[in-house]
1. For B:GLN34, indicate whether it is in a strand (DSSP E or B), within 8 Å of chain A (Cβ to nearest Cβ) and among the polar types (S, T, N, Q).
2. Here is a list: A:THR161, A:THR102, A:THR155. Which entry is open to solvent by 10 Å² or more (accessible area, probe 1.4 Å), within 11 Å of another protein chain (Cβ to nearest Cβ) and at pLDDT 95 or above?
3. Take A:SER121 and tell me if it is small (Gly, Ala, Ser) and under 19 Å from B:GLU37 (Cβ atoms).
4. Looking only at segment A:201-213, which residues are assigned to a strand (DSSP E or B) and surrounded by fewer than 20 Cβ atoms within 10 Å (Cβ to Cβ)?
5. Could you tell me which of the residues A:TYR142, A:TYR237, A:TYR217 is within 14 Å of chain B (Cβ to nearest Cβ) and in contact with a strand residue (DSSP E or B) (Cβ under 8 Å, 6 or more places away or on another chain)?
6. Consider A:GLY150 carefully, then state whether it is without any contact (Cβ under 8 Å) to a residue 12 or more places away in the chain and not aromatic (Phe, Trp, Tyr).
7. One residue is enough: does segment B:1-18 have a residue meeting the conditions more than 7 Å from chain A (Cβ to nearest Cβ) and over 27 Å from A:GLY231 (Cβ atoms)?
8. Which condition does B:PHE23 not pass, out of (1) modelled with pLDDT of 90 or more; (2) outside any helix (DSSP H, G or I), if it passes all the others?
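The values are calculated or read from the model by the stated rules, or taken from the named source; none is laboratory data. In this text, all values refer to a predicted model and were calculated from it rather than measured experimentally. Virtual Cβ from ideal backbone geometry, glycine too; neighbours counted across all protein chains shown. Side chains included, ligands, DNA and RNA excluded: accessible areas come from the protein's heavy atoms. Shrake-Rupley method; radii C 1.70, N 1.55, O 1.52, S 1.80 Å.
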Amino acid sequence: MATGFPVKADYTTGDVLSAANMNDLSGTLNYLDPTAKGDLFPASSDTALTRLGVGANGTVLTADSAEATGMKWAAGGGGGASGLTLIKSQVIGTGVSSIAVTSAFSSTYDNYKIMISGGTSSANNSLYLQLGSTVTGYYAGYTRVNYSTGAASLTNDNNGTSFTRIGSSNTNGMHSNFDILSPNLAKNTFIGGAFVDPATASSAGAIAGFLNDTTAYTGFTILMNTGNLTGGTIRVYGYQNS
Amino acid sequence: MKKMTKPLIQIDDEVREMNDAEFAQHQEMLLEAQAKEAAEQAKAEAKSALLEKLGISAEEAALLLR
């Protein structure tokens with residue numbers, strides 16, 4: 001006879017269902033008694049089932065031997081899986097020249113990815129990045145190649161007031177995609193990524209730099225060298241630490 | 001209707017006009033950006049002048065550097 005529940009699953013024509021069949025190996029009647037949408041009935045031992053209600057939206061079922069059922073609902077990725085977790089999604093308003101994003105960084109993650117897309121700007125502009133309220137100590141190098149001529153050029157931030165080319169935008173689109181390492185640690189903050197000017201006579205390239213202080217930041221501000229932004233979304237993702 | 005005299009700032013979901021301190025910082029950042037762009041422009045013009053002096057195009061110069 002198979003162990004577990006149901007005790008016997010291979011009934012055939014002519015079989016008679018008895019109390020012994022319905023009871024488990026300990027002589028206890030197991031039954032499923034859902035009380036809400038999403039209920040599950042995992043085993044809490046080799047002889048008993050128990051009800052496990054569905055978790056909150058976005059949570060995932062995670063194995064946990066400390067739980068009575070050996071599992072629990074937990075935040076996505078909380079089970080130790082590697083990958084990216086969306087932390088914050090900030091919709092950009094209309095005609096704004098500065099966008100502060102708070103509560104983006106925490107001790108949960110060491111490293112993050114920030115992506116900005118879907119909006120437009122009133123003019124061709126470059127997007128800038130400031131961490132917290134810090135307006136000094138930004139060091140970065142930018143390499144870029146012109147689309148039409150293939151000519152390379154170099155620019156830099158030397159103890160600047162911000163990182164000055166973490167993305168670009170114009171009346172047809174907006175782009176920013178970079179990683180930011182250890183912003184919430186009491187260490188230097190590092191960034192690395194790419195920028196793409198959406199203009200046929202312009203260029204694309206790479207950015208790499210660091211902020212020369214050891215402040216633990218929780219938020220950042222997106223600025224621009226001219227005009228303003230409308231629409232689009234700033235998304236912040238956390239890289240799982242382990 | 002209130003006349004808008006300063007750019008708009010967004011803090012999470014709130015959008016409002018910049019206050020004086022924010023506007024001053026914004027202006028400082030714009031001045032730095034303009035200075036940087038002016039320096040890049042001057043560099044590009046100097047490069048263009050050198051190419052003209054050498055009698056080669058930007059594409060030919062790029063070939064030399066690859």
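1. no
2. It is A:THR102.
3. Yes, satisfied.
4. Passing the criteria: A:ALA204, A:GLY205, A:ALA206, A:ALA208, A:PHE210.
5. A:TYR142
6. yes
7. There is no residue in segment B:1-18 that is more than 7 Å from chain A (Cβ to nearest Cβ) and over 27 Å from A:GLY231 (Cβ atoms).
8. (2)
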